[in-house]
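Let me begin by presenting the structure, written as structure tokens, before commenting on it.
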Amino acid sequence: MGFDMGDVEVGPEPLAFEQVVAVARDGARVSLTDGALKLIGEARAHVEELSARPTPVYGVSTGFGALATRHIAPELRAQLQLNIVRSHAAGSGPEVEREVVRALMLLRLRTLATGRTGVQPTTARTLAGLLNAGITPQVFEYGSLGCSGDLAPLAHVALALIGEGSVRDANGELRPAGEALAEAGISPVLLGAKEGLALLNGTDGMLGMLVLAMNDLRRLLTTADLAAAMSVEALLGTDRVFAADLQNLRPHPGQAASAANLRALLDASQIMESHRGPDCTRVQDAYSLRCAPQVNGAARDTLEHAELVAGREMASAIDNPVVLPDGRVESNGNFHGAPVAYVLDFLAVPAADVASMSERRTDRMLDKGRSAGLPAFLADDPGVDSGHMIAQYTQASIVSELKRLAAPASADSIPSSAMQEDHVSMGWNAARKLRRAVDGLAQVVAIEILTAARALDLRTPLRPGPATAAVVAKLRETVPPPGPDRYLAPEIAAAAALVRDGSLVAAAEAVTGPLA
């Protein structure tokens with residue numbers, strides 16, 4: 001499902017994953033629906049009525065967290081909202097990527113649009129205005145514990161809304177927020193009662209990163225099937241194990257989808273046909289070939305679960321306190337990031353394992369004793385040339401890192417706020433490491449495809465199947481065919497770019513039709 005620039009309407013309903021990607025990565029514009037503005041206005045009226053009462057209401061006329069017992073006098077409440085934003089904008093470390101901040105901003109805007117947070121309509125419109133102007137608040141790596149929301153990251157966004165802190169403008173230039181807002185014709189927000197909390201209390205950062213990672217992983221798992229098919233061909237493996245009747249004996253849907261991809265990709269391969277006769281002595285292939293559908297398929301099923309959780313979170317209205325339809329303002333614990341944190345951690349495990357299997361197939365193609373007749377390291381003149389020897393080292397280095405990144409962040413908790421927030425999710429940390437894991441998986445799969453393409457060329461005059469041949473042809477537009485040793489890093493980078501942008505899968509699908 002595609003979205004054109006300017007067509008993402010934000011209301012109380014859940015956004016589609018594709019809409020988040022369109023706004024975060026492609027700069028699609030946003031607009032608040034009339035229904036959203038009506039709900040926001042109604043909730044704001046409730047907050048203002050409660051603010052006028054002498055009875056303390058958490059988040060409206062009290063302090064926050066461990067300081068929630070203090071009743072704040074009316075003349076200090078505007079200062080309270082500024083103070084919470086300024087004090088919570090305490091991030092540190094490297095700057096977070098633009099796409100992550102835009103996803104966070106969009107998802108927070110969607111929660112504001114539910115009318116459950118009590119912000120002013122002007123505040124929601126201003127947040128939408130920042131997105132449409134391409135103004136991206138400067139957010140930093142560290143500062144969220146994934147409980148009471150992604151507090152520091154969201155606070156840096158709120159800081160920009162009030163015209164303070166630093167932002168990147170549409171050209172990527174780092175500028176003072178007030179200056180960039182003025183140039184875009186956007187007035188800073190004057191925060192009213194409860195608004196500081198409403199802008200800070202959400203899982204929007206970790207959820208945004210989950211949505212972006214799921215988008216990338218969906219394509220990468222199809223690419224991993226493509227890489228496996230190329231390696232099976234290159235190593236003179238068998239496709240009989242991918243037969244539907246064998247796969248149906250274990251009815252995991254991801255496994256069935258992966259096996260179907262492999263069958264389509266290996267269809268009509270001369271290389272496969274060359275060793276189907278009775279003189280073939282190979283009884284069965286190594287696990288890294290034979291079990292590709294089981295591993296890539298289990299990764300797909302894990303991704304399906306993550307999408308289920310993400311869909312539920314996208315339908316949520318997370319704030320504390322929350323404004324209910326009857327006007328009550330109630331404290332709650334919905335900001336705890338555990339549901340999102342768990343699936344962020346879950347996805348890092350198959351990312352590491354799919355990459356690990358990919359690396360094993362690459363190593364097999366380079367080992368003269370296991371490669372069914374290919375030259376050592378696929379070198380032009382082994383001994384004089386090293387071929388792809390060190391490309392596999394690079395894979396191994398990344399896979400080792402991915403195994404470390406597969407250790408869960410959500411199993412940790414460090415108490416904060418004077419033990420008021422005594423158990424936290426670390427979901428933001430889980431999201432940050434998953435982004436690194438997804439990037440590493442793309443590089444590992446790219447090196448396998450680069451190696452398998454070289455091996456398939458070395459099988460000439462036998463020809464691979466039409467689908468994998470199309471992939472090799474696409475790769476050859478930027479990477480030369482086998483020959484003496486040459487500078488390999490640019491070839492790896494070129495292959496990784498084609499993996500990330502989906503060009504190699506598209507080349508295969510031009511032959512096979514849509515792959516799962």
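The values are calculated or read from the model by the stated rules, or taken from the named source; none is laboratory data. These numbers were taken from a predicted model, which means no experiment stands behind them. Please note: Cβ atoms are built from the backbone with ideal geometry, for glycine as well, and neighbour counts cover all protein chains shown. The protein model used for the area step is the full one, side chains on, heavy atoms only, and it has no ligands, DNA or RNA in it. Shrake-Rupley method; radii C 1.70, N 1.55, O 1.52, S 1.80 Å.
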Fill in the blank from the handout: For the stretch 29-109, the Cα gyration tensor yields equivalent-ellipsoid semi-axes (√(5λ), largest first, whole Å) of 28, 22, 9
Fill in the blank from the handout: Listed by chain and number, the residues whose amide H is under 5 Å from that of G163, excluding neighbours fewer than 5 places away on the same chain and using placed H, are V189
Exercise for the section: Quickly work out the A506-to-E179 label distance, labels modelled 7 Å from Cα along the C-beta direction, and quote it in nm with one decimal. Expected result: 3.9 nm
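Translational diffusion coefficient, Stokes-Einstein: compute it for the stretch 345-452 using the Kirkwood radius over C-alpha pairs as Rh, at 20 °C and 1.002 mPa s, and state it as an integer in µm² s⁻¹. Let's see the in-between values first.
Values: Rh = 15.6 Å.
Estimated diffusion coefficient is 137 µm²/s.
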Practice task
In vacuum, with every alpha carbon of the stretch 387-516 counted as one equal point scatterer, what does the Debye formula give for log10 I(q)/I(0) at q = 0.12, 0.13, 0.15, 0.21 Å⁻¹? Two decimals, please.
Solution key: -0.59, -0.65, -0.79, -1.20
Exercise for the section: With all protein chains present, calculate the accessible area of T136 using a 1.4 Å probe and round the result to the nearest 10 Å². Expected result: 10 Å²
Exercise for the section: Take the Cα atoms of the stretch 111-176, find their three principal axes, and give me the spread along each one in whole Å, biggest first. Expected result: 35, 28, 16
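Over the stretch 110-199, what percent of the accessible surface lies on carbon and sulfur atoms, probe 1.4 Å? Mind showing how you got there, number by number?
Values: 1360 of 2660 Å².
Here carbon and sulfur together make up 51 percent of the probe-accessible area.
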Completion exercise
For D381 the rounded accessible area (nearest 10 Å², probe 1.4 Å, non-protein molecules ignored) is 70 Å²
Fill in the blank from the handout: Expressed to two decimals, the stretch 272-312 has a Cα Rg over Rh, using the Kirkwood radius, of 1.33
Fill in the blank from the handout: With bins of 10 Å, the percent of all Cα-Cα pairs of the stretch 286-347 per bin from 0 is 19, 32, 23, 14, 8, 4, 0
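Compute the length gained on full extension between R98 and E75: take 0.36 nm times their separation in residues and subtract their Cα-Cα distance, giving the result in nm to one decimal.
4.5 nm
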Fill in the blank from the handout: Over all viewing directions the Cα convex hull of the stretch 1-147 casts an average projected area in nm² of 9.6 nm²
Completion exercise
Once K194, K474 are ranked on solvent-accessible area with the largest value leading and a 1.4 Å probe, the list reads K474, K194
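Could you work out the helix-only [θ] at 222 nm for the chain, with each DSSP H run of four or more residues adding -39,500 (n - 2.57) and the total divided by the number of residues, to the nearest 500 deg cm²/dmol? All intermediate terms of the calculation are to be shown ahead of the outcome.
Details: 20 runs with 281 residues, N = 516.
The helix contribution divided over the chain gives -17500 deg cm²/dmol.
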Completion exercise
Result: in the chain the number of Lys pairs with C-alpha under 29 Å apart, spaced 8 or more or on different chains, is 4
Practice task
Determine how large the accessible area of F335 is when every protein chain is in place; take a 1.4 Å probe and give Å² rounded to the nearest 10.
Solution key: 30 Å²
Practice task
Along Cα→Cβ, 7 Å out, is where each label goes; now give me the distance between the ones at R436 and A68 in nm to one decimal.
Solution key: 3.4 nm
Handout entry: Estimated vicinal HN-Hα couplings, Hz - the stretch 136-149 in sequence order (Karplus 6.51, -1.76, 1.60; Gly, Pro = x)
Key = 10, x, 7, 10, 10, 4, 10, x, 9, 9, x, 8, 6, x
Exercise for the section: Restricting things to alpha carbons, find the Rg to Rh ratio for the stretch 123-266 using the Kirkwood radius for Rh. Expected result: 1.26
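Skip the ligands, DNA and RNA, and give the accessible area per residue of the stretch 199-267 with a 1.4 Å probe, whole Å². If you can, show how the numbers build up before the last one.
Values: 1920 Å² over 69 residues.
So the stretch 199-267 comes to 28 Å² accessible per residue, rounded to a whole number.
To one decimal place, what Kirkwood hydrodynamic radius in Å is obtained for the chain from all pairs of distinct Cα atoms? Before the final figure, lay out each step's value.
Numbers: mean 1/r = 0.0404 Å⁻¹.
Mean inverse Cα-Cα distance, inverted, gives 24.7 Å.
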Practice task
For the stretch 240-305, count the residues as N, evaluate 2.2 N^0.38 Å, and divide the Cα radius of gyration by that value, please.
Solution key: 1.21
